[in-house]
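Below is one structure, written out as structure tokens; comments come after it.
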Amino acid sequence: MSGLATRTVRGFTLVEILVVLLIVGILTGIAVLSLSAIGHAPRREQTARHLASLIELASQQAITEGEQLGLRVSRHRYTFVRNQEGRWKTFHTSSIYRMRHVPGGVHLSLLLRGTPIALRAPLSKSKRKHSGRAPSGAVLPQILILSNGELSGFEIDVYEHGHRRPFRIRGNPTGHISLVAPHSTHS
């Protein structure tokens, strides 16, 4: 007997690699969000960086999990939704994608494919019932974050009282997301 042992070499499967990438992406997103909350940047900058990081994280999750996500923006808050069984549903309140209110003095505006969208305050349950809007629990997204890496072309401006120029979050249909500081907002 030659004493040589037979070894089998085993590689990683695609699913294992995707799971690791998802975990790394989520941990990176949480770290970025935590660090941005610690800084002493103005509220509009913190809000813009936080929202841009969440959109990037949601885009990574949509790709790795193969699910369709969306974002609903109003003047003073935003929330992520997911498509489950053909209906858009909000995330649980303990999720990183839960509804978030922007700090006082900060507000958002939205352009979809270059068209300004009128952002209204959410209706109360009783008014929603008579308005013809989506039923309770269903939040229709303005921005789609698709599992193939694409998303709706958008610009979200983050304003703060006393500052003329906003921070701008841009998302193009190929999935690239960027944050533009006020001094660079020349379009």
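Read the figures in this text as sums done on the coordinates, not as results from a lab. Since the structure is predicted, the reported quantities are computational estimates derived from the model, not experimental observations. With ideal geometry, Cβ positions are generated from the backbone for all residues, glycine too; neighbour counts draw on all protein chains shown.
Summing +1 for each Lys or Arg and -1 for each Asp or Glu, what net charge is found among the other residues whose Cβ lies under 10 Å from the Cβ of G105?
+1
Using the number of other C-beta atoms within 10 angstrom as an exposure proxy, rank E65, E56, E155 with the fewest first.
Fewest-to-most ranking of E65, E56, E155: E65, E155, E56.
Figure the gain on full extension for H92 and L22 (residue separation times 0.36 nm, minus the Cα-Cα span) and round it to one decimal in nm.
Contour length minus the Cα-Cα distance gives 23.3 nm.
For Q142, which sequence-distant residues (separation of 5 or more, or a different chain) have an amide H within less than 5 Å of its own amide H, given hydrogens modelled in the peptide plane?
L71, R72, V73
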